[in-house]
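Colleague: Take this structure first; my questions come after.
Coordinate-derived values only; no laboratory data. Quick caveat: nothing in here was measured; it's all calculated off a predicted structure. When we count neighbours, we look across all protein chains shown, and the Cβ atoms used for this are built from the backbone with ideal geometry, even at glycine.
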Amino acid sequence: MTELQADVCVVGAGYAGLAAARRLRAGGRSVVVLEARDRVGGRIWTERLPDGTALDRGGAWLAPGHSAMLGLAADYGVGTYKTWVAGAHLLVEADRIRQYKGLIPKISPGAVVTIALAQARIDRLARKVPVDEPWTARRAAEWDGKSVGEWVARAGVRTAIGHDLFEMAVRGLFGSDLDRVALLHLLQLVHGHRSINVLFSIEGGSQENLIEGGAAAIAEHIAAELGDAVRLNAPVRAVNQTGASVMVEADGVSVSCRHVVIAAPPALSLDVAFDPPLERDRVSLYRAYVGGRETKTLVVYDTAFWRAAGYSGQSAEPRSPAEVTIDASPASGTPGILACFTFGPVAERWDAMAQQDRRPALLEALSRRFGPHAMKPDAVIETPWWSEPWSRGCSFAHLPPGVLSRYGPVIRQPFGRVHWAGTETAGTSHGAMDGAVRSGERAADEILQGVPSTAAAPAS
Ligand SMILES: Cc1cc2nc3c(=O)[nH]c(=O)nc-3n(C[C@H](O)[C@H](O)[C@H](O)COP(=O)(O)OP(=O)(O)OC[C@H]3O[C@@H](n4cnc5c(N)ncnc54)[C@H](O)[C@@H]3O)c2cc1C
C-alpha cells in the first residue's frame, strides 16, 4: 500500500476531476488524483489507429458556447475543426428516403410547424428554470411531477414520422425511455445549453466542433502536467473524515488530505464507503440517478465516400440500428468515420441481439442510406456505455419524476470536507464536457475560498 499526503485528493480523472486538480494546483494546493480506470478521460475515451487517427468512443463534440472547454483547448494549443455538413442529410422512413438540408426534414408542413412550436414551447418553459437551481422554479413541483414522455405525447407534433423523429431526438438527449425522465430535468438541460435547437444542431450547436487528436487530447495534456499526482488503476473504496483530516482509501494507495473532490458519476459515488455516512437526502438523490443507455458505434472506412456522393453523413432512422449518424472523420477526411447512435430502449434491443446479426443489420442500414460502399468498413467499434463499469451509462445521468425538486438542493452542498464535481452537478453545459470542466473548477474554488460545509459531517 502506497501512502500519500496532499492538500486535496480528487476522485476521478474525467474532465471534472482533471479541471479541479489543475485549478487547485494553480491555487497553490498539492493534489493527488485517484482514477479507477487505466486511462484518464472517463466518459471521454479516445483510441487511436496505427496512423494516429483519433476514434472517440465517448463524447466528442463541442458547441460554440462551450467556452470552458474551448479555453482549455486554447491553453494547450489543441485545435478544433468543424463537423462536415456539406451535402444532403437523410431521413429514412419505412419505404422512402428523404434528402434535406438544415435542422428539420421537409416532412409534411404540419409536422415541421408543430415540431418548431414544440421546440419553442420547451425553450419558453426552460427559460423559467434557474439553471443552477431548477428546484426553485415557481412551477418546479408541477414540472418535476411530469415525465418528458407525457409532455412529448401531448406536444401536438403531427404525423407519425414527425412524432417519431421528435421523440427520437429528445430520447437521444437522455438515452432513456422518456417516461422515466422528469420534465424539470429536460428544462434544466435545455436552459443549460440555451435552447433545444442548440442541443439538436450541428451548425451553431452541440455537434459543431470536433477536437484535433480526439476529445481526450486536452485531458491527456492536463494529466501530463499533473504528472505522478495522477494515479491510475486506483478505484477509491472509502472516505473517512475525522476532524480536520480525511483519509481516502483506494486499491493499492491511500491518501491523507484536508479536502476531497468527488468527481465520479453520482451512482458510482454510492459504492464508496463514507464514514461518517452520507446524508440521507444525498443517498436518495444518487440512488435515483440513472445513466443513459446509449450505444455509440464508430464505422471506419478507407475514405468518407458519402461526401463524394453528395451526402453529409448525417442521417436519421428512428428505431434502426443506426438511429442517428454523423460524420466524425478527422479534419483531413481520411479515413472516413461514421459515428452511429442508438438510444435508450432501442439501444438495449439492438444490444441484446447476437453480434453476428447486429453488425450486418447496421451495415445494411448504412448501405441503404449511403450506397454499397457502406458494406465494406475497415473497422466497426461498438461501445454500449451502460456496460462500462466505471461509467454505467451516458451521456450523463438523468432523474425520473419527483426527485430533482425534492433532493436536488443537496447536489453541490459540501459534505464536511468532501466537495462534489461532475457534469451532473453543472447548470451551464449540464451533461456535457464543458459542464464537467465548469463543475471541477467550481469545486476547486470552493476549497480555495474556504466555502464552509452546510451538511452534517465533521467540518473542522
Ligand atoms: C457516447 C457519449 C457521447 C457523448 N457526447 C458528448 C459530446 O459530443 N459532447 C460533450 O460535451 N459531451 C458528450 N458526452 C458527455 C461527456 O462525455 C460527459 O459529460 C463528461 O465527459 C463527464 O465528465 P465527468 O468528469 O463529469 O465524468 P466522467 O467522465 O464519468 O469521469 C468520472 C471518472 O471517475 C472515475 N471513477 C468512478 N468511480 C471511481 C472511484 N470509485 N474511484 C476512482 N475513480 C472513479 C471514472 O473511471 C471516470 O474516469 C458524451 C458521453 C458519451 C458517453
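Colleague: Quick check on the exposure proxy: order D281, D251 from fewest to most C-beta atoms within 10 angstrom.
Modeller: Numbers: D281 16, D251 13.
Fewest-to-most ranking of D281, D251: D251, D281.
Colleague: Determine the sum of side-chain charges near A444: Lys and Arg each +1, Asp and Glu each -1, restricted to other residues whose C-beta is under 12 angstrom from that of A444.
Modeller: Numbers: positive: R22, R23, R25, R29, R438, R442; negative: D7, E441, D445, E446.
Surrounding charge for A444 is +2.
Colleague: Rounded to the nearest 20 Debye, what is the dipole magnitude of the chain about its Cα centre when Lys and Arg each give +1 and Asp and Glu each give -1 at the C-beta? Walk me through the intermediate numbers first.
Modeller: Values: 48 positive and 49 negative charges, 244 e Å.
It works out to roughly 1180 debye.
Colleague: Could I ask something else about it? Straight-line reach from K106: which lysines have a Cα under 30 Å away, not including same-chain ones fewer than 8 places off?
Modeller: Reachable lysines: K82, K296.
Colleague: Working only with C-alpha atoms, what are the Rg and Dmax values of the range 328-459, expressed in angstrom?
Modeller: Using the Cα atoms of the range 328-459, the pair Rg, Dmax is 21.0, 65 Å.
Colleague: To continue, here is another question. First select every other residue whose beta carbon is under 11 angstrom from the beta carbon of N197; then total the charges, Lys and Arg +1, Asp and Glu -1. Don't skip to the answer; put the middle values down first.
Modeller: Details: positive: R194; negative: D123, E203.
Summing Lys/Arg as +1 and Asp/Glu as -1 gives -1.
Colleague: State, as an integer percentage, the relative contact order of the range 108-200 based on alpha-carbon contacts under 8 Å between residues 6 or more apart. Numbers along the way, then the final one.
Modeller: Numbers: 103 pairs, mean separation 40.1, N = 93.
Reported relative contact order: 43 percent.
Colleague: Please figure out what share of the DSSP beta bridges in the chain is antiparallel and state it in percent, rounded to the nearest 5.
Modeller: Numbers: 46 of 70 bridges.
The antiparallel proportion sits near 65 percent.
Colleague: I need the fraction of alpha carbon pairs in the range 1-148 separated by more than 28 Å, rounded to a whole percent.
Modeller: Values: 5779 of 10878 pairs.
Beyond 28 Å sits 53 percent of the P(r) for the range 1-148.
Colleague: Let me ask you something else. Of all trypsin sites (Lys or Arg not before Pro) in the range 266-364, which ones are in loop regions per DSSP and have a Cβ with at most 16 other Cβ atoms within 10 Å?
Modeller: On the way: sites: R280, R282, R287, R293, K296, R307, R319, R349, R358; in loops: R293, R319.
Those that pass, being in a loop and sparsely packed, are R319.
Colleague: Could you work out the Kirkwood radius for the range 108-200, taking every pair of different alpha carbons, averaging 1/r and inverting it, reported in Å? Spell out each step's value before the answer.
Modeller: Numbers: mean 1/r = 0.0760 Å⁻¹.
Evaluated over the range 108-200, this radius sits at 13.2 Å.
Colleague: So if R0 is 45 Å, what FRET efficiency would D51 and A120 give, r being the distance between their Cβ atoms, rounded to the nearest 0.05? Could the numbers behind the result be given before it?
Modeller: Values: r = 45 Å, r/R0 = 1.01.
With a Förster radius of 45 Å, E is 0.50.
Colleague: How large is log10 of I(q)/I(0) for the chain at q = 0.09 Å⁻¹ when the intensity is taken from the Debye formula with one equal scatterer per alpha-carbon?
Modeller: Log-scaled intensity ratios, in q order: -0.57.
Colleague: Taking neighbour Cβ counts within 10 Å as the exposure measure, how do W143, W135 sort from fewest upward?
Modeller: On the way: W143 25, W135 19.
With the sparsest Cβ surroundings first, the list reads W135, W143.
Colleague: Additional query: Work out the charge dipole of the chain with +1 on the Cβ of Lys and Arg and -1 on the Cβ of Asp and Glu about the Cα centre, then indicate which of V78, P414, I381 is farthest towards its positive end.
Modeller: P414
Colleague: Another question, then. Around T334, what is the net charge, scoring Lys/Arg as +1 and Asp/Glu as -1 over all other residues with Cβ under 14 Å from its Cβ? Mind showing how you got there, number by number?
Modeller: Details: positive: R307; negative: D51, D302, D327, D378.
Result for the neighbourhood of T334: -3.
Colleague: Which helices count as membrane-span-like in the chain under these terms: full DSSP H, at least 15 Å along the axis by C-alpha, Kyte-Doolittle mean of -1.0 or more? Display every interim value, and only then the final one.
Modeller: On the way: long enough: 15-26 (16 Å, 0.12); 109-126 (25 Å, 0.85); 160-174 (21 Å, 0.79); 355-370 (22 Å, -1.04); 433-448 (22 Å, -0.30).
Within the chain the helices that satisfy the rule are 15-26, 109-126, 160-174, 433-448.
Colleague: With r defined as the distance between the Cβ atoms of R96 and L448 and R0 fixed at 56 Å, what FRET efficiency is calculated, to the nearest 0.05?
Modeller: Details: r = 58 Å, r/R0 = 1.04.
Computed FRET efficiency for R96 and L448 comes out at 0.45.
Colleague: Starting from the 7 Å offset along Cα-to-Cβ, what nm value, one decimal, do you get for the label separation of L270 and T136?
Modeller: Here the modelled spin labels are 2.8 nm apart.
Colleague: Of P50, A16, V283, whose Cα points farthest to the positive end of the dipole of the chain (charges on the beta-carbon: +1 Lys, Arg; -1 Asp, Glu; origin at the Cα centre)?
Modeller: Going by the Cα projections, it comes out as V283.
Colleague: Continuing with this model, one more query. What is the order of M433, M353, M247, M168, fewest Cβ neighbours within 10 Å to most? Mind showing how you got there, number by number?
Modeller: Details: M433 31, M353 12, M247 17, M168 21.
Final ranking by Cβ density, sparse to dense: M353, M247, M168, M433.
Colleague: About the Cα centre, and with charges only on the beta carbon of Lys, Arg (+1) and Asp, Glu (-1), how big is the dipole of the range 108-200? Nearest 20 debye, please. Could the numbers behind the result be given before it?
Modeller: Working: 12 positive and 10 negative charges, 69 e Å.
Approximately 340 debye in magnitude.
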